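The values are calculated or read from the model by the stated rules, or taken from the named source; none is laboratory data. Fair warning: this is a prediction, and the values are worked out from it, not measured in the lab. Counting neighbours? That spans all protein chains shown, and the Cβs are built from the backbone with ideal geometry, glycine included.
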Amino acid sequence: MTKTPPVVPFRVGQGFDLHRLEKGDRLVLGGINAATGVRSVGHSDADAALHALADAILGAAGHADIGEHYPDNFPETRGLSSASILKFAAKAARKEGWVVANADMTVVLEKPRLGPRKAQMRLRIAEILGLDPDAVSVKAKSMEGLGPIGKGEAIAAYAVVLMARG
């Protein structure tokens, strides 16, 4: 006999993203331009923070990851704003009856240091998702010179969201 799963009022989603870095003047991160001499490489604007967050939301809502929604071989999505990807994820979750209760993320990057930019990123993410800024956390870590991230060759982001029935 098959049991019907209980209807739960909350779900948790987690996301991860990684991009190579190269010399450039525009590093889009958390929906803002955070660069001083580097840019991330990707099909869209390569915002690792928003990509991780979008995947966390999509996962909690039971959807495929952003790579399936926005394949990197579609010319029409080249240079796409990651803010639009995040908005799509939140809208898809709402269609399933879920809203973001809070979002927590960690960006792993050697340089530039994100301390002065974290508050601006937090406000931008809250704006995109229609949340109170207190429901968004942005933390920054370095790799202490270890591995590709520590050598300044890559950036990574981890995100977790708590979704509530909406």
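Across the stretch 104-127, what is the number of residues that are touching a helix residue (DSSP H, G or I) at 6+ places or on another chain (Cβ under 8 Å) and within 13 Å of ALA159 (Cβ to Cβ)?
Qualifying residue count for the region: 6.
Just checking, how many residues over the stretch 1-40 are among the acidic types (Asp, Glu), in a strand (DSSP E or B) and free of Cβ contacts under 8 Å to residues at least 24 places away in the same chain?
Within the stretch 1-40, residues that are among the acidic types (Asp, Glu), in a strand (DSSP E or B) and free of Cβ contacts under 8 Å to residues at least 24 places away in the same chain number 1.
Based on what the data block shows, is GLY30 crowded, with 19+ Cβ neighbours inside 10 Å and touching a helix residue (DSSP H, G or I) at 6+ places or on another chain (Cβ under 8 Å)?
yes
Restricting to the stretch 111-127, give me the number of residues that are under 19 Å from LYS23 (Cα atoms) and out of contact with any Ser or Thr (no Cβ under 6 Å at 6 or more places or on another chain).
3
Of all the residues that make up the stretch 123-164, how many are surrounded by 13 or more Cβ atoms within 10 Å (Cβ to Cβ) and either within 16 Å of ALA101 (Cβ to Cβ) or of a type in the set (Asp, Glu) (or both)?
Count: 17.
Just checking, does the stretch 78-100 include any residue being closer than 16 Å to HIS51 by Cβ, in contact with a strand residue (DSSP E or B) (Cβ under 6 Å, 6 or more places away or on another chain) and crowded, with 16+ Cβ neighbours inside 10 Å?
So far as the stretch 78-100 goes, yes, one or more of its residues are closer than 16 Å to HIS51 by Cβ, in contact with a strand residue (DSSP E or B) (Cβ under 6 Å, 6 or more places away or on another chain) and crowded, with 16+ Cβ neighbours inside 10 Å.
What about ALA64, is it closer than 22 Å to PRO9 by Cα and in a loop (DSSP other than H, G, I, E, B)?
yes
For ALA48, which of the numbered conditions (1) farther than 19 Å from PRO148 by Cα; (2) crowded, with 21+ Cβ neighbours inside 10 Å; (3) under 15 Å from the mean Cα position of the chain (by Cα) fails to hold?
Unmet condition: (1).
Select from the stretch 138-166 the residues that are under 22 Å from PRO9 (Cα atoms) and at pLDDT 95 or above and list them in ascending order.
ALA159, VAL160, VAL161, LEU162, MET163, ALA164
What are the residues in the stretch 129-150 that are of a type in the set (A, V, I, L, M), without any contact (Cβ under 8 Å) to a residue 60 or more places away in the chain and either part of a strand (DSSP E or B) or farther than 17 Å from ALA54 by Cα (or both), if any?
VAL136, ALA140, MET143, LEU146, ILE149
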